[in-house]
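Comments concern the structure below.
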Amino acid sequence: MNNPVRLMNLAADNIRVLAATMVEKANSGHPGGAMGGADYCNALYAEQIIYDPDDRHWMCRDRFYLDPGHMSPMLYSVLALSGFYSIDDLKTFRQWGSATPGHPERNLEHGIENTSGPLGQGHTYAVGAALAAKMLYARTGNPGFEREKIYAYISDGGVQEEVSQGAGRLAGHLGLNNLIMFFDANDVQLSTMTADVISEDTAQKYRAWNWFVQEIDGNDIIQIREALAKAQAEDDRPSLIIGHTIMGKGALRADGSSYENDPGTHGCPLGGDAYINTVRNLGGNPEDPFAIRDEVAAIYDARREELRTIVSQRRAEEQAWAEANPEVARELNDWFAGRLPQLPWEEIEQKPNQSTRQGSKVCLQMLSKYMKNMLVSSADLCNSDKTDGFLSHSKVITRDDFSGGFLQAGVSELTMACVCIGAMLHGGIVSACGTFFVFSDYMKPAIRMAALMEVPVKFVWSHDAFRVGEDGPTHEPVEQEAQIRLMEKLKNHSGRDSVRVFRPCDVHATTQCWRQAMENQDTPTALIFSRQNIKDLPADADYSGVARGAYAVIPEDNPDVVLVGSGSEISTLAEAGEFLKKDGIRYRVVSCPSEGLFRRQSKEYQETLIPRDVKTFGLTSGLPVNLEGLVGSNGRVFGMDAFGFSAPYKVLDEKLGFTGENIYHQIKAYLDE
């Protein structure tokens, strides 16, 4: 239903006043962009986007992704009009314990699918969500997913962030016609005008990526409606609506002159008389600025009733589909509830003495058979990071066939990670993405966001240490494990490890680490695998201890020294142990693939496994800090204190001292102190 233009403009002005007032009261925030984008956001929620006002979790709802999270006052305001927030919620913007914290990231109970803090990531999540909807329709035939639209909102900063190239390229390549993105082109940045930093033809750029592009006056409700109608009708390409808007629309300075199109409105409150003049100019009352005007409330009340009618019809069609396809409907409900099928981990047969990346491949082969709703991706390295194991029972996703489960993301690690996160934000999809461990550096912003939002995406990183060899120090991860282990030590808002990290010691431990990753529904999981082959542990090794984060792989009830490590260093410690045995030295070898999980165990278990009154020696192919928390203040860690060198990995082991014999001498020297 289209409302009278006068009323729509009135509603947009009401949103502008609310947004500016939230920032003013908090004395913190970004009013200008929110004021400029209010017309589009109002059009979307008052007339266009389809959701169930009585069920926040309806799986076939349209979804909105706000890339510039600093414009959250705009979203909070329109969601308050829609009934998701109270006025009291708006009054506590950016305060402790508030329902309106500023960059909310994700809050389905309040209607927020995602607002991205770091610019560029949010609309890339939207690409992932659009892909998820396509995948779910291809797997189920549920008509709701075919109708579903993903709306994204991007600003100048998001366009400038490099990840926008990956998002634009991939969405256009896959022909994601269910994705509609509004570009708030207001020509103003935080510190300057956009003309000072960019002179590209953004429309032509997106057309080159196979997008359907329209340019409109982004503050004109009639043009917004027409552009949305054309975008919704597009059947072959994602849509970009470039809306030329006015930063700080309606804002006045203290002297009554225009404050529009000024960077000063971007990142701080309007302030004093400028704020008062602006509220009055927009038809608000400075004495009661949080008021919702009666005519505006009536628009949104009517929209809720209209949505109930629309959704009732759609859900009836979905129910008819479910009754005709009961088994698929049951599976779909399981997917959205995060329930896994029975996975035959015990039946996996690993070839002995292989690299752990090869062990990962075997696990992915099994998952490709049983996980119908899984998305696996690689940044042009699937035949090397071994994520191509998922292709055993799946196929590559194409613009003409979304029934596959493997996404060839190209050389774009950050884009790939964000797309996989976005697919999981949508719901119904389990995603994993792989590359070399050293290139996890490109992914750090996405890893952090996944940790904040508690999205259980699986990060698969191979080539875990300097043993990459001839590729040289640029490809040899040294500090990367320390970086991700720091995230493992950090807790999220729910008190859980922000990232669960695993680095298995052989292929059999790899199976158990993958099992833990799949069963972790609460946080992201990082899986770190070797390039080179690793000797298996003794045949009687008990791998069940992986579930406790650390366990004895070579037990000893009364050790003289405890040897601790992870990954391929465990086999080196085992070799060193043979030398110790000849000297009559009793030793225990502990593999700690996940310190975070180990720290979740009882103090009794931790103390029993690594006693504080027994000397402890750690071995890591990364920085010594990786193990310093485990060995304690009286322990000793042998690790890297410099970048690697280019040579075959066996030569590097020899030159850098990572041989059983040298580690034996290091342990002996430590014990003799």
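Laboratory data are not the source of any read-out in this text; all were calculated from the coordinates shown. Just so you know, these numbers come straight off a predicted model, no measurement behind them. Counting neighbours? That spans all protein chains shown, and the Cβs are built from the backbone with ideal geometry, glycine included.
Between the C-alpha center of segment 225-297 and that of segment 83-129 there is a gap of 19 Å. Charge tally around Ala302: other residues with Cβ under 14 Å, Lys/Arg +1 each, Asp/Glu -1 each, net -3. Normalised by residue count, segment 561-630 yields a Cα convex hull volume of 81 Å³ per residue. Over the C-alpha atoms of segment 71-176, the Rg to Rh ratio, Rh being the Kirkwood estimate, stands at 1.03.
Over what distance in Å are the Cα centres of segment 475-516 and segment 526-545 separated? When both Cα centres are located, 15 Å separates them. Relative contact order for segment 1-150: 23 percent, from Cα pairs under 8 Å spaced at least 6 residues apart, divided by residue count.
Taking every DSSP bridge with both residues inside segment 522-673, close to 20 percent are antiparallel.
Using C-alpha pairs under 8 Å with a sequence gap of at least 6, the mean separation divided by the residue count of segment 127-235 gives a relative contact order of 25 percent. Near Gly472, the amide H atoms lying under 5 Å from its own belong to Ala647; only residues 5 or more places off or on other chains count, and H is placed 1.01 Å from N.
If you wrap the tightest convex hull around every Cα atom of segment 224-362 and split its volume per residue, you get 302 Å³. Reported to the nearest whole Å, the Cα centre-to-centre distance from segment 577-598 to segment 334-401 is 32. Around the amide H of Val589, modelled in the peptide plane, lie the amide H atoms of Val553, Ile554, Leu563, all under 5 Å away and 5 or more residues distant in sequence or on another chain.
Counting Lys and Arg as +1 and Asp and Glu as -1, what is the net charge of the other residues whose Cβ lies under 10 Å from the Cβ of Ala130? Local net charge: +2. Please list log₁₀ I(q)/I(0) at q = 0.10, 0.15 Å⁻¹ for segment 531-652, using the Debye equation with identical point scatterers on the alpha-carbon positions. Each listed q maps to, in turn, -0.30, -0.68. Here's how it looks for Leu252: its modeled amide H is under 5 Å from those of Tyr259, Thr278, which are all 5 or more places away or on a different chain.
Under 14 Å from the Cβ of Glu323, count the other residues' Cβ atoms, weight Lys and Arg +1, Asp and Glu -1, and hand me the total. Neighbourhood net charge equals -1. When the alpha carbon gyration tensor of segment 102-260 is reduced to an equivalent ellipsoid, the three semi-axes, largest first, read 29, 18, 16 Å.
Length, then width, then depth: along the principal axes, the Cα atoms of segment 222-300 run 50, 33, 19 Å. Dipole magnitude for segment 597-673: computed about the Cα centre from +1 point charges on Lys and Arg Cβ and -1 point charges on Asp and Glu Cβ, it is near 220 debye. How are the Cα pair distances of the chain distributed, in percent, across 10 Å bins from 0? All Cα pairs, binned at 10 Å, distribute as 3, 15, 23, 21, 16, 12, 7, 2, 0, 0 percent. When both bridge partners sit in segment 171-286, DSSP labels roughly 15% of those beta bridges antiparallel. Taking all Cα pairs closer than 8 Å and separated by 6 or more residues, the relative contact order of the chain comes to 11 percent. Taking the Cα centre of segment 57-120 as reference, the dipole from Cβ charges on Lys and Arg (+1) and Asp and Glu (-1) amounts to some 40 debye. Equivalent ellipsoid of segment 510-571: semi-axes from √(5λ) of the C-alpha gyration tensor, largest first, are 23, 15, 11 Å. Among the DSSP beta bridges whose two residues both lie in the chain, what percent are antiparallel, rounded to the nearest 5? Approximately 15 percent, going by the DSSP bridge assignments.
Ordering of 94-105, 122-133 by packing is 122-133, 94-105, highest average first (other Cβ atoms within 10 Å, averaged per residue).
With viscosity set to 1.567 mPa s and temperature to 4 °C, compute the Stokes-Einstein D of segment 319-376, Rh being the Kirkwood radius across alpha carbon pairs; µm²/s, no decimals. Taking Rh from Cα pairs, D becomes 96 µm²/s.
In this Cβ point-charge picture (+1 for Lys and Arg, -1 for Asp and Glu), segment 514-562 has a dipole of about 340 debye about its Cα centre. When Rg is the radius of gyration of the Cα atoms in segment 31-132 and Rh is its Kirkwood radius, what does Rg/Rh come to? Rg/Rh for segment 31-132 comes to 0.93.
Peptides 512-523, 368-379 ranked from most to least packed give 368-379, 512-523, packing being the mean of other C-beta atoms within 10 angstrom over each peptide's residues.
Projected onto the charge dipole of segment 143-231 (+1 at Lys/Arg Cβ, -1 at Asp/Glu Cβ, origin at the Cα centre), which of Ile154, Ala185, Gly166 gives the Cα projection farthest towards the positive end? My answer, from the dipole projection, is Gly166. Counted over all Cα-Cα pairs of segment 400-463, pairs farther apart than 18 Å make up 31 percent.
Taking every alpha-carbon pair within segment 286-443, the share separated by more than 25 Å comes to 50 percent. Hey, how much of the P(r) for segment 462-526 falls beyond 19 Å, as a percent of Cα pairs? Every Cα pair in segment 462-526 considered, those over 19 Å come to 44 percent.
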